[in-house]
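Please read the structure below before turning to the comments.
The values are calculated or read from the model by the stated rules, or taken from the named source; none is laboratory data. Since we're looking at a predicted model, the values are computed, not measured. Because the Cβ atoms are built from the backbone with ideal geometry, glycine has one as well, and the counts that use them run over all protein chains shown.
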There are 2 protein chains.
Amino acid sequence: MHSISEENYIKAIYHLQEGQALVSTNDIAGRMKTKASSVTDMLKKLADKKLAEYIPYKGARLTENGVLCANQIIRKHRLWEVFLVEKLDFSWDEVHDVAEQLEHIQSPKLTNELDKFLNYPKHDPHGDPIPDSKGNYEKYTQVALGDLEIGQQGVLTGVVNTSRDFLRYLDKHEIKLGAQIQLLEIEEFDGSCRVKSDGRELYISKQTVESLFVKIK
Amino acid sequence: MHSISEENYIKAIYHLQEGQALVSTNDIAGRMKTKASSVTDMLKKLADKKLAEYIPYKGARLTENGVLCANQIIRKHRLWEVFLVEKLDFSWDEVHDVAEQLEHIQSPKLTNELDKFLNYPKHDPHGDPIPDSKGNYEKYTQVALGDLEIGQQGVLTGVVNTSRDFLRYLDKHEIKLGAQIQLLEIEEFDGSCRVKSDGRELYISKQTVESLFVKIK
DNA sequence: ACTAATTTTTAGGTTTGCCTAAAAATAGAT
DNA sequence: ATCTATTTTTAGGCAAACCTAAAAATTAGT
């Protein structure tokens, strides 16, 4: 098995290697809030364990095994987030730190039973997809709310910005994931939008529009 | 906060100090499956943190603070056990290892919300009492099934032996916690008993009788 | 292309929690 | 009461995961 520290590095590399061919030591250090020298130590260890390929001075990326491992951690993280929000009345902005702890619990049975208990959710409360027990997840087309055509509608599936303030703002205006949302008008002057969600019309700022993702058919 | 290792020692001392004035280094080492020298190291640290009193060569016991801490860990452990059995279809004999991991998750909100979600259970699936958020728990009189008077009845509240085999045996014979159980007869010759549980009469061995606890009024 | 700036690695150190082996203290037996 | 056996502590080490500071490699500017 892998230590919690190893798992955290795996997760960090996974998120950083999106697109990138190789992830730099410094980028990992930034994300992990450690020093570059600590990252070098760990990269050697992950390479020894065949979880990452590591080319000194060039960078690293996860092997197939490493990606599999990352998917399992992310699966657990996101399932726990669903649990916290749906069953224990946590709000979006409170789940992250706890899920960060829960994602390291080792018990395939626990993970799979939790998945069943939650009715095999496909997305977490932020709209991010939840990998299944084999590591596969739904890669639907997400598009920024602001990129919809006027009059077009979609289902709110995710947020880019996960700052506490932003999530509180959404809660306050009762903008919920899974809600149908329709773009009615874009104000030329400041980029703000008039949208319709759950039957209510509301105005939202350019910044908010850019932080919301919708799934379109 | 306390490390996972510290928490495990606190829990071990708590369980061992029942009755005892002081718990010996060796007893702790036995329960923790470590060496006595490691225990000495940790006792010094716990004493520094005012979680235990430690008298070299004599032994240790938890301070009031240490007991409070132990109660919180036990609270979490037992709440998670209820969750696993009631919500995720785990059986008695599968919950321990997972609960052992989950008990270290740090989030008072999580613990209290879980408690609420489970409807403030008073006992875990083994019949052990669950401390409330202040560390108080119901100390009812538990008595070994074999110590009942002939004809007396009680509610099955706990098991001493938690070996897989034993728990499976109970499941197989549908002997469940919370069931009303009445002692009908003790066989002089081998100590086995005739009991009545949930309307069914069954014979159980001396060994089993000694491993079952009942709550009497 | 060569030097300067940046990035990355190496070397050596710290803390936590464990270990073994030896020394010290306590408990038990006669 | 003394000697032996057991328990406990001390001393010194090891691995994981972090750190700082210095050295080495890479990248970038002109």
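Computed values, structure above
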| item | result |
| --- | --- |
| Helices (runs of 4 or more DSSP H) fully within segment B:95-199 counting 3 or more residues that are hydrophobic (A, V, I, L, M, F, W, C) and away from every other protein chain (no Cβ under 14 Å) | B:164-172 |
| Where a residue in segment B:1-21 is within 14 Å of chain A (Cβ to nearest Cβ) and over 14 Å from B:Val67 (Cβ atoms) and its partner, wherever it lies, is part of a helix (DSSP H, G or I) and within 16 Å of DNA strand C (Cβ to nearest atom), with Cβ under 8 Å and at least six apart | B:Ser5/B:Met42 |
| Residue in segment B:71-82 that is at pLDDT below 95, of a type outside the set (A, V, I, L, M) and not assigned by TED's automatic domain parsing to the domain that holds B:Asp165 present | no |
| Helices (runs of 4 or more DSSP H) enclosed by segment B:1-80 - at least 2 residues per element that are more than 12 Å from DNA strand D (Cβ to nearest atom), within 17 Å of B:His104 (Cα to Cα) and in contact with a helix residue (DSSP H, G or I) (Cβ under 8 Å, 6 or more places away or on another chain) | B:4-16 |
| Matching residues in segment A:55-69 - criterion: being closer than 22 Å to A:Gly135 by Cβ and within 10 Å of DNA strand C (Cβ to nearest atom) | A:Ala60 |
| Some residue of segment B:164-176 being crowded, with 18+ Cβ neighbours inside 10 Å and either more than 16 Å from B:Ala144 (Cβ to Cβ) or touching a His at 6+ places or on another chain (Cβ under 7 Å) (or both) | yes |
| Candidates A:Ile74, A:Ile13, filtered to the one that is more than 30 Å from A:Asp171 (Cβ to Cβ) and within 22 Å of the chain's Cα centre (by Cα) | A:Ile13 |
| Residue count for segment B:163-203, restricted to those that are more than 18 Å from B:Lys215 (Cβ to Cβ) and of a type in the set (S, T, N, Q) | 2 |
| Only one of A:Asp128, A:Asp132 that is crowded, with 17+ Cβ neighbours inside 10 Å and not aliphatic (A, V, I, L, M) | A:Asp128 |
